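First up is the structure itself, then whatever we jot down about it.
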Amino acid sequence: MKGIYPSKEFVLSANVRDPAIYSRASENWIEFWEDFARELEWFEPWYSFLDDSRAPFYRFFVGGKINACYNCVDRHAEKKNKAAIIWEGENGESRIITYYQLYREVNALSSALKELGVKQGSKVALYLPNLAEAVIAMLACARIGATHIYIFEGFSAKSAAYRLKDSRAEFLITADGYFRRGRLINLKEKADEACDEYGKIKKVIVVRRAKNEVSMVEDRDHWYHDLLSKKNTSPEVLDSNHPLFIMYTSGSTAEPKGIVHSTGGYLVHVYATSKMVLDLKPDDIIWTTASLGWITGHSYGVYGPLAVGATTLLYEGAPDHPDICRIFDIIEKYGVTVFYTVPTLARMINGCDISGYDLSSLRLIGSVGEPIDPETWSWLYGELGRKKIPLVNTWWQTETGGHVLSQIPALTPMKPASVGKALPGIEVDIIDDGGKKVKPFEIGNLVIKKPFPGIMLEINGDTSSYIKFYWTKYGKRVYFTGDSAYMDDEGHIWIVGRVDDVINISGHRVSLIELEHAVMEIPDIREVAAVGLPDRVKGSAIALFVVSSNPGKEVAEKITEKIERDIGKIAHPALIVFTPELPRAGGKILRRAIYEAVVNKKVSSVVSNPDSVEKLTKLKPSDR
Ligand code: WTA
């Protein structure tokens with residue numbers, strides 16, 4: 001397949017346009033990353049680029065002293081007329097915060113946090129919707145060396161409590177409520193429930209957003225705006241490997257894993273890739289549509305864009321409220337230049353009539369989070385991008401902190417739905433289970449052969465899982481991504497999907513094991529298998545196959561309720577099927593056989609009880 005080259009106009013103004021960057025990075029790997037690192041400000045330089053003596057616990061920029069907030073805020077604060085954050089609420093309210101105002105407010109919150117007892121090394125949970133205050137809270141934590149733990153606002157109280165407990169958070173910043181599809185959601189109530197379940201939160205700070213009635217616990221709860229003082233707080237001089245944040249993500253276990261990221265290595269990685277891949281410059285307005293509560297929001301909604309000194313746009317609510325045109329309204333209204341989104345949203349806008357909008361400010365589109373189908377790719381490139389601007393398809397993970405595979409827009413020709421190549425400074429391969437490189441177009445396991453600055457420090461409190469999940473299949477020097485992929489004869493890569501029990505719903509990782517555990521806690525359930533079925537809009541949808549002593553509507557409702565309560569609305573099952581038994585091989589439940597039966601109408605030959613799936617092959621789409 002021939003690739004599509006970006007326009008000359010784009011190439012001439014791109015941050016990276018010399019193809020020698022690839023060879024330079026592989027010949028002089030350390031210098032390549034150190035050059036980016038030197039564009040940031042360090043209080044003290046590092047004495048070693050990488051310490052790999054305790055592999056697979058890799059430490060970058062060893063000895064370096066840095067502060068992420070200083071690099072994202074103070075460095076640009078002199079530009080008093082420059083917007084750092086553009087915020088739009090679902091109800092149409094909007095707020096523009098300059099770098100100077102951001103500097104002031106981050107300082108004010110930092111000193112308030114200190115007065116409440118937050119110190120270097122404290123853990124501060126943020127249970128907040130996409131508000132400017134959420135970015136301010138992240139940066140204030142970074143400023144004083146507290147580690148932030150962002151909990152996506154859509155998660156249930158139980159999910160939040162798990163994250164508070166696992167991270168041992170002592171402080172919580174939340175909001176009274178927020179708007180979603182025109183409805184007011186009482187977040188404080190969920191936050192209170194989570195605090196009660198965990199029991200160890202000392203102080204709660206509440207942002208006034210929706211002005212809904214909430215109850216405040218005396219001595220524990222404080223209004224955000226009442227706390228702000230006029231004092232400045234100098235940024236802490238932090239070790240490069242000081243934990244900046246913990247981000248929870250699903251893996252092939254029942255419990256989410258707390259991925260811990262460093263300060264220096266992480267910031268260098270997101271800064272470098274914001275420049276190389278998203279081509280960000282200080283003049284840009286980037287709209288990263290992901291919620292701040294996911295890694296994409298952290299890396300390319302906050303730390304990357306602000307480290308570059310660009311403007312980041314935050315939108316509070318549902319992108320299709322009041323209708324899907326909201327997306328184009330926002331791009332047009334603010335003159336968004338870089339639109340970084342997920343295929344689920346792209347599939348929703350695919351086919352919209354955009355002839356009435358002036359979207360000419362757009363100069364780059366990015367996609368992330370799940371495989372994109374060629375049809376949606378073509379719409380994004382051909383219609384939204386008018387075949388004039390590059391579309392980068394970025395592959396990475398919570399664990400990698402920033403981009404790993406992508407086109408470099410001015411250099412790598414685009415091939416529909418491909419994720420391009422490994423970025424300079426990163427080496428990947430596609431290998432079989434025995435570790436042998438597969439041939440072009442053959443599917444194998446995607447691995448990263450060398451550590452890189454954005455790689456996580458560890459899984460919070462779980463050394464053995466960290467080693468087991470990522471560094472056991474191919475040893476301590478080769479990172480196993482959990483994704484399968486193939487490469488064409490020119491080295492361009494396509495992602496096929498996960499190889500483990502994790503599915504991707506609208507770009508969000510959901511663990512099938514976690515789901516099954518939640519369902520098994522319902523008394524009438526004997527057995528359950530959760531399977532991801534293909535879904536045109538969301539990528540995957542959850543189907544549950546259930547053996548129950550009391551099959552029927554009542555139990556189905558209990559299941560849906562339980563999942564929403566334990567995990568959140570994101571995991572809402574699209575299909576619940578009661579079945580007398582589940583397919584097995586050697587005693588083990590075979591989820592793959594259920595998928596084969598429902599989607600491909602085939603009875604897998606390895607199933608020891610074929611009757612169990614026979615019926616499922618006859619399931620009609622209307623039953624689903
Ligand atoms: C998937 C999101 C195809 C992949 C940044 C990966 C993708 C998981 C792409 C990580 C892409 C991410 N094309 N699949 N461009 N980007 N993925 O941790 O399966 O939420 O392992 O990080 O999303 O999801 P996570």
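The values are calculated or read from the model by the stated rules, or taken from the named source; none is laboratory data. Bear in mind that the values here come from a model prediction, so they are computed numbers and not experimental data. Positions of Cβ are backbone-derived with ideal geometry, glycine not excepted, and every protein chain shown enters the neighbour counts.
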For this session: Mind listing whichever residues of region 456-483 are in contact with a helix residue (DSSP H, G or I) (Cβ under 8 Å, 6 or more places away or on another chain), under 16 Å from P256 (Cα atoms) and charged (D, E, K, R)?
Result: E458
Problem set entry | Odd one out for K333 among (1) away from the ligand (no atom under 16 Å from the Cβ); (2) part of a helix (DSSP H, G or I); (3) within 20 Å of the chain's Cα centre (by Cα) | (3)
For this session: Specify which of the listed residues (K553, K562, K618, K588) is more than 25 Å from I372 (Cα to Cα), of a type in the set (K, R) and touching a residue at least 24 places away in the same chain (Cβ under 8 Å).
Result: K562
Exercise. What residue, of V531, V606, is farther than 30 Å from R181 by Cα, β-branched (V, I, T) and either outside any helix (DSSP H, G or I) or in contact (Cβ under 8 Å) with a residue 40 or more places away in the chain (or both)?
Worked result: V606
Seminar exercise, completed: Among L306, L391, L364, the single one that is crowded, with 23+ Cβ neighbours inside 10 Å, closer than 30 Å to A37 by Cβ and more than 16 Å from the ligand (Cβ to nearest atom) is L306
For this session: Could you check, for region 303-313, whether at least one of its residues is more than 24 Å from E78 (Cβ to Cβ), in a loop (DSSP other than H, G, I, E, B) and touching an Asp or Glu at 6+ places or on another chain (Cβ under 8 Å)?
Result: no
Exercise. Among the residues of region 276-291 satisfying the criterion of being in a loop (DSSP other than H, G, I, E, B) and within 25 Å of K80 (Cβ to Cβ), which is nearest to the chain's Cα centre (by Cα)?
Worked result: L280
Problem set entry | Number of the exception - L515 against (1) part of a strand (DSSP E or B); (2) of a type in the set (A, V, I, L, M, F, W, C); (3) more than 16 Å from the ligand (Cβ to nearest atom) | (1)
Problem set entry | Residues (free of Cβ contacts under 8 Å to residues at least 40 places away in the same chain and hydrophobic (A, V, I, L, M, F, W, C)) located in region 333-378 | A346, I349, C352, I354, L359, L362, I365
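Residues checked against (1) touching a strand residue (DSSP E or B) at 6+ places or on another chain (Cβ under 9 Å); (2) farther than 18 Å from G401 by Cα; (3) at pLDDT below 95; (4) surrounded by 17 or more Cβ atoms within 10 Å (Cβ to Cβ):
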site	(1), (2), (3), (4)
W33	yes, no, no, yes
L40	yes, no, no, yes
D52	yes, yes, no, no
F61	yes, no, no, yes
K80	yes, yes, yes, no
A83	yes, yes, no, yes
For this session: Determine which member of the set G444, G402, G454, G420 is among the small types (G, A, S), more than 30 Å from F339 (Cβ to Cβ), within 15 Å of the ligand (Cβ to nearest atom) and crowded, with 18+ Cβ neighbours inside 10 Å.
Result: G444
